[in-house]
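The structure appears right after this line, and notes come after that.
The values are calculated or read from the model by the stated rules, or taken from the named source; none is laboratory data. Nothing here was measured: the structure is a model prediction, and the numbers come from that model. Backbone-built Cβ (ideal geometry, glycine too); neighbour counts: all protein chains shown. Heavy atoms of the whole protein, side chains included, go into the accessibility calculation; ligands, DNA and RNA do not. Shrake-Rupley method; radii C 1.70, N 1.55, O 1.52, S 1.80 Å.
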There are 4 protein chains.
Amino acid sequence: MQNILDDIAEQMRVRTDRGKVADYIPQLAAVNPNQFGISVALPDGQLFNAGCAKQLFSIQSISKVFSLTLALGKIGDAVWSKVGREPSGNAFNSIVQLELEHGKPRNPFINAGAIAVVDAIMMGHEPKELLAEILQFVRYIADDNSIGIDDKVALSELATGNRNASLAHFMASFGRIDHDIDCVLGAYYHLCSISMNCQQLAKSGLFLVSDGVNQTTGARVVSSHRARRLNSLMLMCGHYDGSGEFAYRVGLPGKSGVGGGILAIAPGKASIAVWSPGLDKVGNSKLGSLALEMLIQRTGWSVF
Amino acid sequence: MQNILDDIAEQMRVRTDRGKVADYIPQLAAVNPNQFGISVALPDGQLFNAGCAKQLFSIQSISKVFSLTLALGKIGDAVWSKVGREPSGNAFNSIVQLELEHGKPRNPFINAGAIAVVDAIMMGHEPKELLAEILQFVRYIADDNSIGIDDKVALSELATGNRNASLAHFMASFGRIDHDIDCVLGAYYHLCSISMNCQQLAKSGLFLVSDGVNQTTGARVVSSHRARRLNSLMLMCGHYDGSGEFAYRVGLPGKSGVGGGILAIAPGKASIAVWSPGLDKVGNSKLGSLALEMLIQRTGWSVF
Amino acid sequence: MQNILDDIAEQMRVRTDRGKVADYIPQLAAVNPNQFGISVALPDGQLFNAGCAKQLFSIQSISKVFSLTLALGKIGDAVWSKVGREPSGNAFNSIVQLELEHGKPRNPFINAGAIAVVDAIMMGHEPKELLAEILQFVRYIADDNSIGIDDKVALSELATGNRNASLAHFMASFGRIDHDIDCVLGAYYHLCSISMNCQQLAKSGLFLVSDGVNQTTGARVVSSHRARRLNSLMLMCGHYDGSGEFAYRVGLPGKSGVGGGILAIAPGKASIAVWSPGLDKVGNSKLGSLALEMLIQRTGWSVF
Amino acid sequence: MQNILDDIAEQMRVRTDRGKVADYIPQLAAVNPNQFGISVALPDGQLFNAGCAKQLFSIQSISKVFSLTLALGKIGDAVWSKVGREPSGNAFNSIVQLELEHGKPRNPFINAGAIAVVDAIMMGHEPKELLAEILQFVRYIADDNSIGIDDKVALSELATGNRNASLAHFMASFGRIDHDIDCVLGAYYHLCSISMNCQQLAKSGLFLVSDGVNQTTGARVVSSHRARRLNSLMLMCGHYDGSGEFAYRVGLPGKSGVGGGILAIAPGKASIAVWSPGLDKVGNSKLGSLALEMLIQRTGWSVF
């Protein structure tokens, strides 16, 4: 495994077609695109790293997996009255569909859906309390208490977040947001601003590898049933309008973020985190996707 | 396995919430809704049947898997210049997206996509020649020469097919249809009108279980690579706007048809066909989906 | 003329199909639906009233005519870089088109367009200053210094205005809002909350009757050219998705508000204000439209 | 008047920004763009021509005014169960709205609406019979028996008409087309292929100038009521997604065609036909619109 990762990291190191770094906030725009990291965590506790696997990055939308998991724990299937479970087409359709479907987002991994999930788990708490709870949860599943939030990123997101504010108010106009919109958005942006490195991220996904139990720590995070369903959601909806492409090329449940990270799960086999800041046209890490495709070809880990 | 299937068939027999039989053509509307069949084909050649597993039904959209497989064999990845690989939202969006994406259907399993695939494999042939080729291919992969087409269904489809004709002309207006539209639609409707029973359908899916090889007959149908990708497409797009729901509840690649059939693939394990004519709101067999959910719970065959 | 108005008012008084009063804020919901008023102002200064012509009501969207007129005076045709001049279909399409047209509202009389106009004329002022300017302008063109704003209505609008906030943030996400969104919305809601009676409203439209000059007071409000263009915009876009219907039945430039008021202009002949709180399905005063249709049949004032 | 027209024609003759000739069929693409004609017909029978006012051109969508007028005569207000009376946004929305509004076109002047009108007046006749009737009607209202149809244009339209065929099948899928689609489209394309010159076209509009009566011939074509409503529809919907712009700049009811012709009505004053083959971005004659704008500035004929 180490050889495979080293080889992949070397191939990634020399590539020149690295995609385009997200530039809508300065904190992301400033990231050096010539970085690549990969980590593989096995259920038996083994960890393999290559490249910048210990370099922190903003996990962005990958955090939506964590907030959804937490939501399922806190309110169970009631979360599905807030968001659906179907893939959503491109950004354009997100808005059309939000209107057609009376303000109910198609799934928890598009922005509107994640905002609705944050609203659902706020349950009268202050944003700070909720964030503390989320952070504690992420540290727990990743078995790493050093994980934190980059406040500068969160504040930048907030300052430029008109599209998300529009979505939140739009849902609220259908009576679908229970808390103060500024609080919900504040919590949402902080959630997106969790910083992790590949190793931490790979470890955080271990509970999805083994039917809800992080076998390394012994912690049962969710039921077997729910773990499988989280994986199905990641496969169907984890990469925005590139979900079909990712399933086609990689064949694993996964969730990407515009920070360039991807968490991928090979059920029963491994939790994988890759990171490279350059994005493809639909917003997924270009080298990250490619690296996963290579890894899967070498390991045969595709679920298909 | 036989016990599991018998048990499921018995549970399905007594249910009263059987969904609604498709009624847009008389041949489908006339089908008795109180039928249920299931077949499981294993790579080693074992076959398990329960219920009306040998009752013929119209496979309808399940045929889109076969036409796509054939297309990949005939023109390879050039098929992806004709159709995309992303899930498509509801019917409404299909049309919007077709416009936005300049007449290129989102995937080969929506009607527009399947029509484009038929056009792609027509390659100057007469519709009859193409149909003979498709039928031969289906008989080959199912290892059953008795499989045929129900012409009455095809003619009824043609007579009521204004929506499909609209889609075809719409694509043609973007220069995306190479052959005479009436010929393409004629071939498409005959393709949809293939009659199979559960046992035949289960056998036809065996090549998708074992990396492209039907291990029972030894026939290599597609490359390993391509078989996995067909499975990913079925998982992502196989059940129209219920694809996410099917992945969530069943967790297997599958393709449904409005005749009430579903073909599902458990990679490495089994090819499964179910049939019950009553449909749920998005057009997938209601008891068929439920039966698969039960089967997967008993067998643990979910890919997640 | 007085006989015509009395007759219409009497016919309106006894009708039972009065439409449905807007109920999204308590201040509008509480209005007695059994009211009807009509005023006709002639360029020579004559005024004819019937029914509750001196009962104040919330002019709501009718104010968009005043803010647009003011904007044309302040920044001239630069306003057309902010909003378009084409009719917009139903609410659904407003959002789709806003996306397709990169956040530029189709016309100044839909909510998004009016918000953009308010943003355009804010020009660094405080909302209070802007409101004072608008109010002064309305008093000037109506030649009535008693016209005021109903703050309770404005605050209610603000409290329930998630859809408008969504539109404003949406436009802002395309870089199309220059001022603080809360300030813009605050000003917008106060603008909508101007209270007028039919007589005041009819007088306020006189400048549109006579090529930009209120002949009663002698005040030139806009150029002849611009007055005619304001009329054309009112005809094309003045009644949301009922604009075609209004043009078809009444045949005059007009602007309606959900408070139940309508201002209609018969170029060269008269300015007409009607008010009845009950709305039809697309949000225009039901009896108001009917009364105008009757008035036009009696007077032949249709522009066609 | 003759001086005004001569002056306008001279100004148009020397302009170099003439727009782009429609090129989707060879018969239109071959038209020399350096042509301009204008005719004004007054109710008292006076006719003023300038430029190529006697050069035949394909009236294309202007014919939709004639088919609608005929339909109102044949089936009265029942035509409004087939088509609506609201403006339709851009082509994109036409399709979305057709879906949202269950196959009912927004108005009789978009292609889908005109196809529905042709279907409505076919009433079991053969296409040839219908065309004979339409042609007779156009000759009657224009008082000119030499008006004919250019069959080559019609056949070219038919050969390239996938978008229209798509619309027709789409409406048929909602049960909204009563006759054979090929017959309806055949009739529709022949209708669009009527050839007229500016003088004939101006004369054909005289009944819309004088409340339904062609005062030159004395023929009552439609009721006063209906003539005014036809004018309102032309103003609201006569120039596709440029209707607002035309109303804003010209201020007259009008209908354009991609052949470069425009028929405009100054109620009570004049019927005006202009022709110049180059089109602006939304498909209306560029110089034609400009010439009308100039004419209206000189004559003050704007309805506003």
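If I ask for residues that are open to solvent by less than 10 Å² (accessible area, probe 1.4 Å) and either modelled with pLDDT of 95 or more or within 21 Å of the chain's Cα centre (by Cα) (or both), which ones from region C:94-120 would you list?
Taking region C:94-120 and keeping what is open to solvent by less than 10 Å² (accessible area, probe 1.4 Å), we get C:96-98, C:103, C:105, C:107-109, C:112-119.
Across region C:94-120, the qualifying residues are C:PRO105, C:ASN107, C:PRO108, C:PHE109, C:ALA112, C:GLY113, C:ALA114, C:ILE115, C:ALA116, C:VAL117, C:VAL118, C:ASP119.
Here is a yes/no grid of residues against (1) out of contact with any strand residue (DSSP E or B) (no Cβ under 8 Å at 6 or more places or on another chain); (2) within 14 Å of another protein chain (Cβ to nearest Cβ); (3) among the aliphatic types (A, V, I, L, M):
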{"site": "A:PRO26", "(1), (2), (3)": "yes, no, no"}
{"site": "A:VAL31", "(1), (2), (3)": "no, no, yes"}
{"site": "A:ASN34", "(1), (2), (3)": "yes, no, no"}
{"site": "A:SER58", "(1), (2), (3)": "no, no, no"}
{"site": "A:SER61", "(1), (2), (3)": "no, no, no"}
{"site": "A:VAL65", "(1), (2), (3)": "no, yes, yes"}
{"site": "A:LEU68", "(1), (2), (3)": "yes, yes, yes"}
{"site": "A:VAL83", "(1), (2), (3)": "yes, yes, yes"}
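Select from region C:225-250 the residues that are touching a residue at least 12 places away in the same chain (Cβ under 8 Å) and aromatic (Phe, Trp, Tyr) and write down the one among them that is surrounded by the most Cβ atoms within 10 Å (Cβ to Cβ). Filtering region C:225-250 for residues that are touching a residue at least 12 places away in the same chain (Cβ under 8 Å) and aromatic (Phe, Trp, Tyr), the one surrounded by the most Cβ atoms within 10 Å (Cβ to Cβ) comes out as C:PHE246. If we scan region D:233-245, do we find a residue that is among the polar types (S, T, N, Q) and over 14 Å from the mean Cα position of the chain (by Cα)? Looking through region D:233-245, none of the residues is among the polar types (S, T, N, Q) and over 14 Å from the mean Cα position of the chain (by Cα). Test D:GLY19 against the criterion of being in contact with a helix residue (DSSP H, G or I) (Cβ under 7 Å, 6 or more places away or on another chain) and under 21 Å from D:ASP241 (Cα atoms), and give yes or no. Yes.
What about A:CYS183, is it within 14 Å of the chain's Cα centre (by Cα) and either hydrophobic (A, V, I, L, M, F, W, C) or open to solvent by 20 Å² or more (accessible area, probe 1.4 Å) (or both)?
On the way: within 14 Å of the chain's Cα centre (by Cα): no; either hydrophobic (A, V, I, L, M, F, W, C) or open to solvent by 20 Å² or more (accessible area, probe 1.4 Å) (or both): yes.
It is false that A:CYS183 is within 14 Å of the chain's Cα centre (by Cα) and either hydrophobic (A, V, I, L, M, F, W, C) or open to solvent by 20 Å² or more (accessible area, probe 1.4 Å) (or both).
Count of region D:145-161 residues, restricted to those that are β-branched (Val, Ile, Thr) and touching a Lys or Arg at 6+ places or on another chain (Cβ under 7 Å), is 1. Across region C:129-182, the number of residues qualifying as under 22 Å from C:VAL65 (Cβ atoms), without any contact (Cβ under 8 Å) to a residue 24 or more places away in the chain and not polar (S, T, N, Q) comes to 3.
Out of the residues in region C:270-292 that are out of contact with any Phe, Trp or Tyr (no Cβ under 9 Å at 6 or more places or on another chain) and within 14 Å of another protein chain (Cβ to nearest Cβ), state the one that is most open to solvent (accessible area, probe 1.4 Å).
Quick first cut of region C:270-292, residues out of contact with any Phe, Trp or Tyr (no Cβ under 9 Å at 6 or more places or on another chain) only: C:273, C:278-281, C:286, C:290.
Going one step further and asking which of them are within 14 Å of another protein chain (Cβ to nearest Cβ), we end up with C:280-281.
Numbers: C:ASP280: 54, C:LYS281: 210 Å².
Here the residue is C:LYS281.
Suppose we keep only residues that are free of Cβ contacts under 8 Å to residues at least 60 places away in the same chain and not hydrophobic (A, V, I, L, M, F, W, C) within region D:70-81. Which one would you say is farthest from the other protein chains (Cβ to nearest Cβ)?
Start the filter on region D:70-81 by keeping residues that are free of Cβ contacts under 8 Å to residues at least 60 places away in the same chain, which leaves D:71, D:74-81.
Now drop any that are not not hydrophobic (A, V, I, L, M, F, W, C), which leaves D:74, D:76-77, D:81.
Values: D:LYS74: 19, D:GLY76: 15, D:ASP77: 11, D:SER81: 15 Å.
Going through the qualifying residues, I end up with D:LYS74.
Of all the residues in region B:127-163, those that are within 14 Å of chain D (Cβ to nearest Cβ) and open to solvent by 20 Å² or more (accessible area, probe 1.4 Å) number 5. Figure legend. Inter-residue proximity from region A:19-39: first residues without any contact (Cβ under 8 Å) to a residue 60 or more places away in the chain, second residues of a type in the set (A, V, I, L, M) and buried (at least 17 other Cβ atoms within 10 Å of the Cβ), beta-carbon distance below 8 Å, spacing 6+ or different chains. Indicated pairs: A:ALA29/A:VAL21; A:ALA29/A:ALA22.
Of the residues that make up region A:181-204, is at least one closer than 26 Å to A:MET122 by Cα and within 9 Å of chain B (Cβ to nearest Cβ)? No, because not a single residue in region A:181-204 is closer than 26 Å to A:MET122 by Cα and within 9 Å of chain B (Cβ to nearest Cβ).
Return the only residue of B:VAL213, B:VAL209, B:VAL222 being among the β-branched types (Val, Ile, Thr), buried (at least 24 other Cβ atoms within 10 Å of the Cβ) and over 12 Å from the mean Cα position of the chain (by Cα). Show your work before the answer.
Numbers: B:VAL213 fails: buried (at least 24 other Cβ atoms within 10 Å of the Cβ); B:VAL222 fails: buried (at least 24 other Cβ atoms within 10 Å of the Cβ).
Answer to the selection: B:VAL209.
Taken over region A:251-269, residues that are open to solvent by less than 10 Å² (accessible area, probe 1.4 Å) and facing chain B (nearest Cβ under 9 Å) amount to 3.
Filtering region D:121-173 to residues that are part of a loop (DSSP other than H, G, I, E, B) and at pLDDT 95 or above leaves D:ASP143, D:ASP144, D:ASN145, D:SER146, D:ILE147, D:ASP150. Candidates are the residues of region A:42-54 that are closer than 13 Å to A:LEU295 by Cβ and small (Gly, Ala, Ser); the one that is most open to solvent (accessible area, probe 1.4 Å) is A:GLY51.
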